[in-house]
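These notes are about the structure you will find just below.
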Amino acid sequence: MTNCNMKKTFVGIDIGGTKLATVVADDSGKILSKVRRPTQAEKGPEYIIDLLFEMINETIVQAGLKQNAISAIGVSCGGPLDTKTGIVYSPPNLPGWNSFPLKARLESEYSIPVTIENDANACALAEYRFGGGKGYDAVLYMTMSTGIGGGIVLNGQVYHGANDSAGEVGHQILLPDGPLCGCGQRGCLESLCSGPAIARRAKEAIQKESNTMIFALADRQIESVKSEHVLEAALKNDPLALKLIDETAYYMGWGIANIVNILNPDIVLLGTIAIAAGDLLLVPIRKYVSSFAMARPAEVVKIMPAQLGDTLGDLAAIALVV
């Protein structure tokens, strides 16, 4: 007799430019086992797919399971990609992945359903299912790291748009004559508030005002200044660092307010830099969102740090198949 209360188990795969991770988890999001390896992206997709097969098998064994106990596989991967066909189209950090049929290769090997999703969307869904977005109908997740990415979950579903391009929150243009962004446009939110953008603004400011803790923390090497130095100095009340944090909050608040006016979300969850900075960044962001957004959507939206922390990447892929 089958036990209806037995938990299902799933494999999650996180494919990044520098690391690969495979996990086995149950349907409550409990991680049962995990394997990590360097991607060695320069070796191309065939090397990586073979390595993933090895890692998946190892992860299943580590969890004390047999292969037939796995119900489905979820994959979180940098885009561009097609979620319906599971084809990955030349991500910048995965050379040689030109129309690579990742879903088909995994389904052929394991004969179970495979779901593939853009990594930011997968993170948004993980926060919705297991983290800070639990219990809300309209959830926006935004990363604040090397870039500014995002994912939108509406009524339990990732919003993909017409061709899987929705959620590019970092590429709204705030300053048409602003700094050049990696996308080729000028003045995108990402070019103003990502980690490298904060560091760039700090370097420009230090050239005019070098008497700042930021410069000291970077061993007085201007090329070594990072956003982490700005944050550390701001937490110690360095005036220039506090000014840079307020500028960052101003632009983030402006960008988030634009989205709040359009989407009317219940909650906006901010990752990475926002988690490290805490209220130092979140309090002024909330103030600027309240100033810039229309009154009705502004009064309901919560601006909070993402909650899953180091487990986010693992649960992102699992959230796709639970």
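Coordinate-derived values only; no laboratory data. For clarity, every value in this text was computed on a predicted model and none was experimentally measured. Note: ideal-geometry Cβ built from the backbone for every residue, glycine included; neighbour counts use all protein chains shown.
Summary table
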| read-out | value |
| --- | --- |
| Proxy reagent accessibility, fewest Cβ within 10 Å first, across Lys208, Lys236 | Lys208, Lys236 |
| Peptide ranges 199-207, 138-146 listed from the most packed, as the mean C-beta count within 10 angstrom indicates | 138-146, 199-207 |
| Identified option (computed Rg/Rh (Cα atoms, Kirkwood Rh); candidates (1) 0.93; (2) 1.00; (3) 1.07) | (2) |
| Mean Cα-pair separation over length for the range 146-278, i.e. relative contact order, pairs under 8 Å, 6 or more apart, % | 17 |
| Protection proxy ranking of 215-222, 273-280, 128-135 - average other beta-carbon atoms within 10 Å, highest first | 128-135, 273-280, 215-222 |
| Within the chain, percent of DSSP bridges classed antiparallel, to nearest 5 | 60 |
| Under 17 Å from the Cα of Lys84 - aspartates and glutamates, other chains or at least 8 residues apart | Glu107, Glu117, Asp119, Asp164 |
| Folded to 0 to 90 degrees: helix 239-263 orientation relative to the chain principal axis, Cα | 60 |
| Value of [θ]222 nm, deg cm²/dmol, for the chain, DSSP H segments ≥ 4, -39500 (n - 2.57) each, nearest 500 | -12000 deg cm²/dmol |
| Inter-part distance where the range 287-315 and the range 102-142 are each reduced to a Cα centre, Å | 20 |
| The chain: relative contact order in percent, alpha carbon pairs under 8 Å with at least 6 residues between | 18 |
| Helix 44-62 axis, angle to the chain major axis (alpha carbon atoms, nearest 10°) | 70 |
| Cα-based Lys proximity count in the range 132-306, under 19 Å, for pairs eight or more positions apart or on separate chains | 10 |
| Between helix 195-208 and the chain: long-axis angle, C-alpha atoms, 0 to 90°, nearest 10 | 20 |
| Sorted by Cβ density within 10 Å, fewest first, the residues Ser194, Ser90 | Ser90, Ser194 |
| Ascending count of other beta-carbon atoms within 10 Å, so fewest first, for Phe10, Phe53 | Phe53, Phe10 |
| Electrostatic dipole magnitude of the chain [Cβ: Lys, Arg +1; Asp, Glu -1; Cα centre; debye, to 20] | 320 |
